[in-house]
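Shown next, in structure tokens, is the structure this report addresses.
Computed from the coordinates by the stated procedures, all read-outs in this text should not be read as laboratory data. What you see is a predicted model, and the numbers here were worked out from it, not measured in a lab. We place every Cβ from the backbone using ideal geometry, glycine too, and count neighbours over all the protein chains shown.
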């Protein structure tokens with residue numbers, strides 16, 4: 001038992017240093033943050049709380065220590081919760097997550113007392129859960145992905161158009177190979193690659209949950225289905241392709257990034273545009289279905 005508790009405490013300390021400390025610093029300086037919106041920062045704070053809650057329910061984190069941490073930073077959690085309510089953003093989170101927020105911030109129950117179906121899981125599931133946390137922490141700390149996620153989800157149409165205008169001007173007017181062109185191309189390509197790699201790794205890690213237990217297939221499915229769904233829900237607000245606006249903006253960003261890259265491609269911009277770009281977009285679209293995008297067959301004109 002002592003070894004289990006020691007491991008739980010170690011897991012919590014690592015999470016606080018790897019995720020919460022970073023999010024906390026950004027949120028505390030929200031009024032001076034010129035890169036990220038208050039809406040983004042609030043959702044990031046609440047996502048950290050959901051990971052704390054999930055870690056407690058799965059026994060990955062120790063409940064007493066997690067409660068102390070939450071009480072210590074409760075004003076920031078509460079401020080984030082109040083902000084998303086004020087801005088009518090609560091729908092960014094699934095109904096189970098909304099119930100968790102309502103329960104934990106109402107003061108009617110003790111912290112981490114609402115399980116929402118995530119408990120009594122096989123110990124083997126903690127290994128892929130740890131991998132998911134590490135992946136999510138890295139994505140949450142990356143400034144490039146933070147900025148584009150904020151723009152995709154929370155920027156107004158004029159603000160989004162301003163973000164894209166400079167890249168479009170580079171694509172239309174800058175000479176391929178020039179410093180301005182290369183900087184814009186590399187910035188867009190790097191950001192797209194990070195997001196696509198994140199979606200690919202996320203898909204692979206969810207599959208690992210089904211391989212993690214030695215029990216029967218029916219029992220394994222029942223044990224892990226709720227956990228996998230909760231993990232999806234916790235992160236869904238960042239790349240919520242159920243929303244048509246977010247869906248369209250990401251594809252616009254992807255297409256332009258590929259077009260910029262195609263200008264300098266060895267096989268030529270025309271070949272890149274007619275053969276390579278459609279294949280890449282289609283592959284990314286398949287990954288996007290994990291984040292709420294409709295299946296390709298449901299799109300108008302899909303083949």
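Counting other Cβ atoms within 10 Å as a rough exposure proxy, the listed residues 99, 185, 244, 285 run 244, 99, 285, 185 from fewest neighbours to most. Here the calculated FRET efficiency for residue 210 and residue 7, from their Cβ-Cβ distance with R0 = 25 Å, stands at 0.60, rounded to the nearest 0.05.
Helix 157-173 versus the longest principal axis of the chain: what is the Cα-based angle in degrees, 0 to 90, to the nearest 10? Between the helix axis and the principal axis of the chain, the angle is about 40 degrees.
Quick check: from the Cα gyration tensor, does segment 1-120 come out rounded (a/c under 1.5), prolate or oblate? Oblate shape, in that a/c is at least 1.5 and b/c is the bigger or equal ratio. Take the Cα of residue 276, go 7 Å toward its beta carbon, and the backbone nitrogen atoms of segment 225-258 under 20 Å from that spot belong to 251-258.
Between the C-alpha center of segment 117-160 and that of segment 1-21 there is a gap of 19 Å.
What's the extension gain from residue 108 to residue 156 if we count 0.36 nm per residue and subtract their Cα-Cα distance? Provide the component values of the computation, followed by the final result.
Values: separation 48, 0.36 × 48 = 17.28 nm, distance 3.67 nm.
Result: 13.6 nm gained on full extension.
Counting only the backbone N, which residues of segment 142-178 are under 19 Å from the spot 7 Å out from the Cα of residue 29 toward its beta-carbon? Those under the cut-off are 142-148, 150.
Only helical runs count toward this figure. For the chain, summing -39,500 (n - 2.57) over DSSP H runs of n ≥ 4 and dividing by all residues gives -22500 deg cm²/dmol at 222 nm. Let me know the shape class of the chain, please: from the alpha-carbon gyration tensor, a ≥ b ≥ c as square roots of the eigenvalues, rounded when a/c is under 1.5, otherwise prolate if a/b is greater than b/c, or oblate. Cα axes put the chain in the prolate bin.
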